[in-house]
Amino acid sequence: MRLSEEQIGALNRQGFLVLPDLFSGAEVDALRSRLPALFADGHEGNIVERESGEVRTSMGLHLRDEGFSALTRHPRLVEPALQILGEPAYIQQVKVNVKAAFSGEVWQWHYDFATHHEEDGVLRPLALNLHVFLDDVSEFNGPLWFIPGSHAVGAHGAHLDTATTSYPLWVVDPPTVKALAEKNGMVSATGARGTGLIFFDTLLHGSPPNMSPWDRAIFSLILNPVSNAATLCGRPDYKHHQDFSPVVPLDDNCLGVM
Ligand SMILES: O=C(O)CCC(=O)C(=O)O
């Protein structure tokens, strides 16, 4: 699958691109049905919310489950990523961010490169974050919020927040967010299950808590050029995989459902 010139232009302008109907309802159902067993398997890559103890994020999924292994190499994700990057890329991180009904907690304002650089020694902000919505994502159940065009600023100042949630994150301070949001506005990334999303490593984003009665699970795959691989290995493998071999896309029917 290839992106059009128009889609590439929008991605470059906004820092993100929404791809409605990227996966079918049947494909999403098949993937989603795998989650309860994964969340209950006691793997250290399951990180729970501070307050409720519900799974917040479940990591390293391509090494734990054959359905998510196939999704991680799916041509509808990998081919556009390789088109954008123009060079071979490795699987840096694979997870489902859960944000359970009533209890899913905030993701603070941040951009991914701050963590990739500070924790993993990644030198350039080239990694792409590729999402697939495993639930309908609405204004109510904790969608991602983006500041369009904020990727163009490059690296913002960031500091490590280990207090706000159970997941340590390099976050951006409120004055920086305010200045950028006043200039560029804000967008929430909503869509039906099966929607895809691509965004850049320096795009400022976060997401509010989920007070709604609806779960909001989103699959996230981060691909990083092999030429830009991590130079540090202080974090567990499920947070930044150390296998830097190039990802090869599978067939379009690799999930085994249409
Ligand atoms: O899932 C979310 O709401 C946000 C997750 C996020 O920002 C991230 O994984 O970097």
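Just so it is clear, none of the values below were taken in a lab; they were calculated from the coordinates. Just so you know, these numbers come straight off a predicted model, no measurement behind them. As a convention, Cβ positions derive from the backbone with ideal geometry for all residues, glycine included, and neighbour counts pool all protein chains shown.
In the chain, the calculated helix contribution to ellipticity at 222 nm averages -6500 deg cm²/dmol per residue, counting -39,500 (n - 2.57) for every DSSP H run with n ≥ 4. Remark on N210: its backbone amide H falls under 5 Å from those of G104, E105, a criterion applied only to residues 5 or more positions apart or on other chains, H modelled at 1.01 Å from N.
When the square roots of the Cα gyration tensor eigenvalues are ordered a ≥ b ≥ c, the ratio a/c for segment 13-146 is under 1.5, which makes its shape rounded. Stokes-Einstein diffusion for segment 80-200 at 4 °C, viscosity 1.567 mPa s, with a Kirkwood radius from C-alpha pairs, works out to 82 µm²/s. Taking amide H atoms as placed 1.01 Å from N in the peptide plane, the amide H of W170 lies under 5 Å from those of T115, D161, each 5 or more residues away in sequence or on another chain. Between S245, S150, S58, the Gaussian network model of the chain with springs among Cα atoms under 10 angstrom shows the greatest mean-square fluctuation at S245. The H on the amide N of I91, modeled in the peptide plane, is under 5 Å from the matching H of V247, each at least 5 residues off or on a different chain.
Summing Lys and Arg as +1 and Asp and Glu as -1 over all other residues whose Cβ lies under 13 Å from the Cβ of M211 gives a net charge of -2. Each listed q (0.16 Å⁻¹) maps to a log10 I(q)/I(0) for the chain, found by the Debye formula over equal Cα scatterers with no solvent: -1.31.
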